[in-house]
Amino acid sequence: MSNPPKQMRATVKLMMNSVFTKSREQFFLPSNVIYLDGNSLGALPKAVVQRMQQVVGEQWGQDLIRSWNTHAWIELPQRVGAKIARLVGASPDSVIAADSTSLNIYKLLLSTLSMRPGRRIIISDIGNFPTDLYIAQGIVQLLGNQHELILSETSALADTIAAHGEDVAVVMLTQVDYRTGALHDIEHMTRKIHQVGALAIWDLAHSAGIVPLALEAWGVDFAVGCGYKYLCGGPGAPAFAYIHPRYHPDLAQNTLPVALSGWMGHSKPFDFDPYYHPSPDLRQLLVGTPAVLSLSALDTALDVFDGLDMAVVRQESLALTTRFIELMEPIAEQYEFALVTPRDPHQRGSQVSYGSDYGYHIVQALIQAGVVGDFRAPNIMRFGFTPLYISLDDVAEAVARFAAVMQQGAWRDQGLARLAVT
Ligand SMILES: *Cc1c(COP(=O)(O)O)cnc(C)c1O
């Protein structure tokens, strides 16, 4: 894509500034804290506090069990799913909000394996987030070790898929690497997966709400994602699951085996039928009673995306990460931090990571200086950016504090013991 002419660039910039100035006002953030960890736990949208007061105080407190109907609690998984659908390029009935990302991977992986009988291989990336890999390992064991999980290096994925050809049942990948921030080309990789007749499950934990997605247009079969990262749904927020419309007839005809056949996935839960008849749509993915409080928080949090164009979010997100990398250059050089995030903006998500042997201690010292990032074993310092509440000025201030922390050697004073959550 060529650059827009200068005058147009200025207009786009002005427009973006006003858009994000408005979105920044919608969040609570402690003063003097620059929060670069929204990729792990999104900040709190102000409106969520009111919604919680309403749901807890009025709906639960006053209306009690009637609220399932009067406040449509029972429809929250679909309503929230439909809001997420716009952000991931899916039709409203292709996404449902429920359970955790781990559990949604379990449900989808188990179902999809049965859609490719006779094929033994599951392929993933050795750098994939551990829970995704653990879930796959558990399923392989549960199914009597008839399947094999092959963990490929990222650069060898396409070759690994081609090499195993028609033995491959499912390829399960995360679009943005949680350590390095490297970004997969979903459309390209999904085509490679389909070329051997396998199914694609994409984990969008570090992309939903920050990277523009077109799941339906790209032909992605199945996807999952996280509600508490860029979507700002709060700690432990429900995750989401996506099923391409080409499989919706299978849902309706009950030809896609249901991995966890709980009563909320029944077509008529309140008939209390002793026999399981799955719902004809994505509600098949529901298991037990919806987590009304956390779904309500996520529902309101998603309103901060109203009117935001994901292409504009992406443009500003790349401006933030590019500026951070540029300003960090002298610090990285002086203290021998290895930039593990791709320099090419089109190959990264919205985080910047550096490797350093002292990474854990430096991150702790930074947090004390009001710059909140996080640490991922073995040696990664990770900083996430979202224009919804981080500006270019915040980036400059964060780097200034970073320089001061390093100069003062504050990180040397950090205790050696790691906290339970890093
Ligand atoms: C954060 C993250 C998860 C989290 O899964 P939970 O079940 O919510 O704990 C899963 N996969 C990836 C790739 C993640 O980044």
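A straight line joining the Cα centroids of the stretch 360-422 and the stretch 103-146 runs 35 Å. Its convex hull of Cα atoms gives the stretch 266-421 a direction-averaged projected area, equal to a quarter of the hull surface, of 13.8 nm². Only DSSP H runs of four or more residues enter the estimate; each adds -39500 (n - 2.57), and after division by the residues of the chain the mean residue ellipticity at 222 nm equals -11500 deg cm²/dmol. Couplings for the stretch 149-159, taken from phi via the Karplus curve 6.51 cos²θ - 1.76 cosθ + 1.60 with θ = phi - 60°, read 8, 9, 9, 9, 5, 3, 5, 9, 4, 4, 5 Hz in order; Gly and Pro are left as x. Applying a threshold of 23 Å to the alpha-carbon distances of Lys13/Lys229; Lys107/Lys229; Lys22/Lys46; Lys192/Lys229; Lys13/Lys46; Lys46/Lys229 flags Lys13/Lys229; Lys192/Lys229; Lys13/Lys46 as lying beyond it.
Pairwise Cα distances in the stretch 120-278 exceed 26 Å in 33 percent of cases.
Counted residue by residue at 0.36 nm each, then reduced by the alpha carbon distance between them, the extension gain from Leu149 to Arg246 reaches 32.3 nm. Amide hydrogen proximity for Asp37: with H placed 1.01 Å from N in the peptide plane, the residues at 5 or more positions away or on another chain lying under 5 Å are Gly384. Solvent exposure of the stretch 248-372 amounts to 45 Å² per residue of accessible area, where only protein heavy atoms count and the probe is 1.4 Å.
Each residue of the stretch 358-375 was assigned a 3J(HN,Hα) from its phi angle through the Karplus curve 6.51 cos²θ - 1.76 cosθ + 1.60 (θ = phi - 60°); the sequence is 9, x, 4, 6, 5, 4, 4, 5, 4, 4, 5, 8, x, 10, 9, x, 8, 10 Hz, with glycine and proline shown as x.
Working from Cα pairs under 8 Å separated by at least six residues, relative contact order for the stretch 313-422 is 30 percent.
Taking 0.36 nm per residue of separation and subtracting the current Cα-Cα distance, fully stretching the chain between Ala403 and Ala217 would add 62.5 nm. The protection proxy used here, the mean number of other Cβ atoms lying within 10 Å of each residue, ranks peptides 202-215, 381-394 as follows, highest first: 202-215, 381-394. Dividing the Cα radius of gyration of the stretch 12-92 by its Kirkwood radius returns 1.07 for Rg/Rh. The relative contact order of the stretch 68-220 comes to 25 percent, based on Cα pairs under 8 Å that sit 6 or more residues apart. Within the accessible surface of the stretch 81-171, defined with a 1.4 Å probe on protein heavy atoms only, the carbon and sulfur portion equals 54 percent. Can you give me the angle between helix 292-301 and the longest principal axis of the chain, using Cα atoms only, in degrees from 0 to 90, rounded to the nearest 10? With both axes taken from Cα atoms, the answer is about 50 degrees. A convex hull fitted to the Cα coordinates of the stretch 1-155 yields 236 cubic angstrom per residue.
Fully extending the segment from His188 to Arg79, taken as 0.36 nm per residue of separation minus the present Cα-Cα distance, adds 36.2 nm. Residues in the stretch 50-138 average 45 Å² of solvent-accessible surface per residue, probe 1.4 Å, ligands and nucleic acids excluded. Expressed as a whole percent, the accessible surface of the stretch 180-270 that belongs to carbon and sulfur atoms is 54, based on a 1.4 Å probe.
Surface listing: Arg314, Arg116, Arg191 arranged by accessible area from highest to lowest gives Arg191, Arg116, Arg314, probe 1.4 Å.
Shape verdict for the stretch 126-193, please, from the Cα gyration tensor: rounded (a/c under 1.5), prolate (a/b greater than b/c) or oblate. Since a/c reaches 1.5 but b/c is at least a/b, the shape of the stretch 126-193 is classed as oblate.
With the convex hull constructed from alpha-carbon coordinates only, the stretch 220-290 shows a mean projected area of 5.5 nm² over all directions. Overall dimensions of the chain, expressed as equivalent-ellipsoid semi-axes from the Cα gyration tensor (√(5λ), whole Å, largest first), are 36, 27, 21.
The values are calculated or read from the model by the stated rules, or taken from the named source; none is laboratory data. A quick note: this is a predicted structure, and the numbers were derived from the prediction, not measured. Glycine also receives a Cβ, built like all others from the backbone with ideal geometry; neighbour counts cover every protein chain displayed. Note: accessible area is taken over every heavy atom of the protein model, side chains too, but ligands, DNA and RNA are not part of it. Shrake-Rupley method; radii C 1.70, N 1.55, O 1.52, S 1.80 Å.
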